[in-house]
Structures are given as C-alpha cells and as structure tokens.
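Below is one structure, written out as structure tokens; the observations come after it.
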C-alpha cells in the first residue's frame, strides 16, 4: 500500500511539474511575441506593403456591434480579464483566475485609410486596469469561486480596446486583387493587438 501511495504521489508531482513547464512555456512565448511586436517597424496603412510585417497605430472601429467587456460593460472591440487572490486555510496559497479574452471583427483607421484586422490568430497585450468585482455585467467564469475561497483581498483586472479608442496592431499585410486590405497573423506568429504606451508610441 505504501508503495502504491508513493507511486501515486510521485505521478501527481510529475503531472504538476509538466503543467508548470507547459504554462511557463506558453507565457514565455507570449512575452517573446509581444517584445517582437514592440520592435516591429511602424508605418501608415497607405505605406504598408503586401507580405510585410508591420505595426499600425490608429483608432479601432467595430465592423458590427461592439462587444461589452465583462466587468465595466465598456463598448469595445477587444477585452481580456484576469483575477488574483490568496486562498484561506492551512494549505492556503496564491490562486489565479484563468485569463479570458474576446476580439470582435474591427477596422483600424489612421490618417491615410483603414484596414481590417484578422481575428483568427491574435494575441492581446492590453493595459490592465483594476476593477470592482461587482461590475454592471456578469462576472467572468470562476470569479465567484475565487472570491469565496480567498482569505484576503481579491484583485480583478480588465483590459479593453474601447470603440473609437487608440490601438496598435502588429501583423502581416495582405492586399487582395479586389483592393481589400487586411492585417493578419497565423498560428506561429499571431497578430498582436495592444494599447500599451510602448506600442502606441515610437
């Protein structure tokens, strides 16, 4: 029995370690993508060449109805949420609420024109704002559980690209024969949508 218990415990530790490595690898890759986006050449929509990876800064305009962010109910083209708390009890520890995000089809417009943003392969790098957990719309999944289990303060964060707000999009430019133009990403190199000052400037 002791041997079986040791095997089970050992196997559980291996699984936890593998999950940690997997999550760390994903986070590291996301940080690499964001850093590369900040260093990508900024240009206007008019000057963006087909097949070139560029960073375009402008104003976000939803193609259809804008989305509503989960906590603040902000009309937006993109949002992401996260939460952090510390659980109570003898085995208390840090507890994170899984990050969630949503991106609606939208255009980015600058002084030279407009370009559609492909939303199939994107990474959001949004400025997080601390928010009240009792927002006007429904809470992201898991926020109630996190609040109940927390033995101390719980912090919730929301990042949004509001309708008509400043946004930077880094991706590959596609100019089609019919004259339409898009900025897109793929699985290996997602388009980065951001409102961080380092992305909006320079």
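Looking at the stretch 132-186, which of its residues are closer than 22 Å to residue 197 by Cα, modelled with pLDDT under 90 and crowded, with 19+ Cβ neighbours inside 10 Å?
Within the stretch 132-186, 156 is the sole residue that qualifies.
Tell me yes or no: at least one residue of the stretch 118-126 is at pLDDT below 70, out of contact with any strand residue (DSSP E or B) (no Cβ under 6 Å at 6 or more places or on another chain) and surrounded by fewer than 17 Cβ atoms within 10 Å (Cβ to Cβ).
no
The values are calculated or read from the model by the stated rules, or taken from the named source; none is laboratory data. Because the structure is predicted, anything quoted here is derived from the model rather than measured. In this analysis, Cβ positions are derived from the backbone assuming ideal geometry, glycine residues included, and neighbour counts consider all displayed protein chains.
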